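**Q** Take a look at this one; I'll ask things after.
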Amino acid sequence: MAEEILLTKEGYDKIVDELENLIAVRRPEVAERIKEAISYGDISENAEYDSAKNEQAELEQRIDKLENMVRKAKIIDGDEVAKDKVSLGLTAKVKDLDSGETLEFTIVGSTEADPFVGKISNESLVGAALIGKKIEDQAEIQVPDGTVRYEILDIYRK
């Protein structure tokens, strides 16, 4: 079986929205640019034509990638996941035991990960270490900068 791509409902919806926009809006726009560039005459030395064809190739590549993601998607519904332990689709509020800082990590599939907004992959060092932990459990995680130690303060659906 093809490798599944784990996504939250929100992540899946974002991918579908982008795919629909690329197909319904961007593809016709690029086709129109190509048509217009062809109307300028000789395409062998036509920079507008070359640019539009390159854009079309990138667009089709992105569409193919998104279609593949939609086909392989397995949607993880955080509402159906038990909230007694950290798992995909849930947010873990943790305390850094060394600095005392409180952090929140939402565990998502690797395609949705965006650490700048607190969404970390279930495959990342921190994400993998937090999965399965319960409130008051501690996790000691080897990261490139050394070791971080977290205590789980809360687990919830964001």
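**Q** Which of the strands (runs of 3 or more DSSP E) found entirely inside the stretch 26-141 contain at least 1 residues meeting this: within 21 Å of Glu4 (Cβ to Cβ) and modelled with pLDDT under 85? Steps first, please.
**A** Details: elements: 73-76, 91-96, 102-108, 119-121.
In the stretch 26-141, 73-76 are the strands (runs of 3 or more DSSP E) which contain 1 or more residues that are within 21 Å of Glu4 (Cβ to Cβ) and modelled with pLDDT under 85.
**Q** Given the structure, is Ile38 in contact (Cβ under 8 Å) with a residue 40 or more places away in the chain, farther than 23 Å from Ile107 by Cα and among the hydrophobic types (A, V, I, L, M, F, W, C)? Working first, answer last.
**A** Numbers: in contact (Cβ under 8 Å) with a residue 40 or more places away in the chain: no; farther than 23 Å from Ile107 by Cα: yes; among the hydrophobic types (A, V, I, L, M, F, W, C): yes.
Criteria not met by Ile38.
**Q** Assigned by TED's automatic domain parsing to the domain that holds Arg27 and of a type in the set (A, V, I, L, M): which single residue out of Val70, Val143 fits that description?
**A** Working: Val143 fails: assigned by TED's automatic domain parsing to the domain that holds Arg27.
Matching residue, one of Val70, Val143: Val70.
The values are calculated or read from the model by the stated rules, or taken from the named source; none is laboratory data. The structure displayed is predicted, hence computed values, not measured ones. Note that we place each Cβ from the backbone using ideal geometry, even for glycine, and neighbour counts take in every protein chain shown.
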